[in-house]
Amino acid sequence: MKKILILGSTGSIGTNALELIRNNKEQYQVVGISGNRNIDLLKKQIEEFKPISVYVGSEQDALNLKKNYSFIKEIYFGENGLAKLSKNSDYDIVLTAVSGAIGIDATVEAIKREKKIALANKETMVSAGIYINRLLKEYPKAEIVPVDSEHSALFQSLQGFKKENVKKLIITASGGTFRGKDLSYLENVTVEQALKHPNWSMGKKITIDSSTLVNKGLEVIEAHELFNIDYDDIEVIVHPQSIIHSMVEYVDGSIIAQMGVANMKTPILYAFTYPEKEFNSSINFLDLIKTNNLTFEEPDKKTFKGIDLAYRAGKIAGTMPTVFNASNEIAVELFMKKKIKFLDIYRIIEEAMNTHQVLSLDKDDALDTIKKVDKETRKKVREQWEK
Ligand code: NDP
Ligand code: MG
């Protein structure tokens with residue numbers, strides 16, 4: 001029986017994970033879950049899975065839950081609550097599926113306890129990857145298994161090979177909702193249009209990120225941090241069918257790809273079961289005969305600047321990836337609130353990066369530095385763009 005803690009259980013990844021567990025209750029026990037504002041769903045999940053540790057955004061909701069569900073032993077809320085949940089609960093695997101850099105501290109606590117981390121929360125790896133990797137060296141029994149479909153694909157395609165044999169990582173991209181569109185079209189696209197992803201059903205923030213290709217940019221930095229591969233050896237190619245989830249090209253000319261339906265259950269399940277593979281009745285299988293057309297093309301990096309901005313931030317390193325991530329998080333929030341236009345997202349990120357004095361993360365206070373820069377970047381963007 002594996003004890004699972006799910007951070008972000010009310011989200012898209014979180015509900016997919018619970019669906020897997022619902023179909024294999026002999027193997028998994030949900031010991032803790034967390035939601036922020038979606039109390040109705042959180043209550044349903046509490047009633048079904050009976051976790052003994054819970055986090056919720058507000059104090060009032062926390063008090064109500066504690067009163068109504070006597071089996072809950074620990075309830076957390078507010079700032080630091082997620083980190084405390086990760087620090088104090090009794091679990092074997094934590095699935096980090098909150099959205100945004102808010103997940104950093106909880107991941108740090110899990111590493112310090114040398115737990116297995118099923119990492120969906122890519123913003124953590126982008127914003128704080130340099131620090132996280134150092135911490136992983138200090139706590140060698142801690143283990144991160146990626147959940148992001150591309151990184152799960154790369155992780156699987158790398159099994160059994162030495163890093164020296166890798167020629168490059170090839171990250172596939174669907175191209176997003178606006179594939180093929182030009183700048184004049186993008187100028188006036190709406191939130192509703194951006195939220196329609198052709199292949200994947202996901203949370204709102206990542207769906208907007210997919211439409212700007214900032215998501216692919218975040219994934220390039222995430223891949224660099226997870227697999228320690230040079231940015232020059234990471235390539236993005238558009239594969240509109242989203243069947244191949246990413247590939248590794250080796251020095252002998254062979255390419256190993258991982259394929260499957262566009263559904264997050266398979267990578268979540270693999271992160272739970274690695275190094276094994278496991279059947280689950282809620283998994284969808286790929287019908288190869290119906291999948292008769294796999295195509296590949298260059299991404300339009302001139303129009304969709306999210307990829308190049310990420311390479312720039314990643315290569316500069318230090319606190320620049322933190323700025324790239326934080327400015328994007330606020331830009332996406334403002335776009336969803338209809339306070340800025342679609343293309344302003346790129347302007348905001350570029351401006352934040354251009355005006356940032358990069359700080360080194362070599363010293364012991366790296367995490368404090370990351371948090372400070374993250375906070376300052378968010379504040380600066382809000383001051384300038386939130387009307
Ligand atoms: P969702 O927006 O669907 O869910 C986010 C979860 O985080 C919800 O449980 C939400 O709570 C919670 N949350 C949001 N803000 C806070 C906060 N300030 N404090 C505490 N909890 C918070 O996101 P997704 O499931 O789509 O994505 C989760 C992560 O996984 C992201 O980092 C994303 O990039 C990554 N990912 C997602 C994929 C997908 O297919 N969805 C694919 C690959 C990676 P509530 O809803 O109750 O307010
Ligand atoms: Mg992905």
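The values are calculated or read from the model by the stated rules, or taken from the named source; none is laboratory data. Here the structure is a predicted model, which means the values were calculated and not measured. Backbone-built Cβ (ideal geometry, glycine too); neighbour counts: all protein chains shown. All accessible areas refer to the heavy atoms of the entire protein, side chains included, with ligands and DNA or RNA removed. Shrake-Rupley method; radii C 1.70, N 1.55, O 1.52, S 1.80 Å.
If R0 equals 56 Å, the separation of the Cβ atoms of Ser184 and Lys163 corresponds to a calculated FRET efficiency of about 0.80. DSSP beta bridges fully contained in segment 151-316 are about 65 percent antiparallel. What a 1.4 Å probe finds exposed on segment 2-146 is 46% carbon and sulfur by accessible area, rounded to a whole percent. The mean sequence separation of alpha-carbon pairs under 8 Å and at least six residues apart, normalised by the residue count of the chain, gives a relative contact order of 15 percent. Bridge orientation summary for the chain: considering DSSP beta bridges with both residues in this region, about 25 percent are antiparallel.
With 24 Å as the limit, the listed pairs Lys301/Lys372; Lys305/Lys380; Lys339/Lys379 have Lys301/Lys372 beyond it between alpha carbons. Counting only protein heavy atoms and a 1.4 Å probe, segment 151-316 has 46 square angstrom of accessible area per residue. Normalised by the number of residues in segment 195-345, the average gap of Cα pairs under 8 Å and 6 or more apart makes the relative contact order 28 percent.
Is the C-alpha gyration tensor of segment 123-182 telling us rounded, prolate or oblate? Criteria: a/c under 1.5 is rounded; beyond that, a/b larger than b/c is prolate, otherwise oblate. Since a/c reaches 1.5 but b/c is at least a/b, the shape of segment 123-182 is classed as oblate.
Ligands, DNA and RNA are left out, and with a 1.4 angstrom probe the accessible area of segment 1-94 is 47 Å² per residue. Straight-line reach from Lys196: taking Cα to Cα under 18 Å and skipping same-chain neighbours fewer than 8 places apart, the lysines in range are Lys181, Lys204, Lys205, Lys216, Lys337, Lys338, Lys341.
Taking a ≥ b ≥ c as the square roots of the eigenvalues of the alpha-carbon gyration tensor, segment 151-316 is classed oblate because a/c is 1.5 or more while a/b is no larger than b/c. For segment 261-387, the fraction of 1.4 Å probe accessible surface lying on carbon and sulfur atoms is 51 percent.
The alpha carbon gyration tensor of segment 253-380 gives principal lengths a ≥ b ≥ c with a/c of 1.5 or higher and a/b greater than b/c, which makes the shape prolate.
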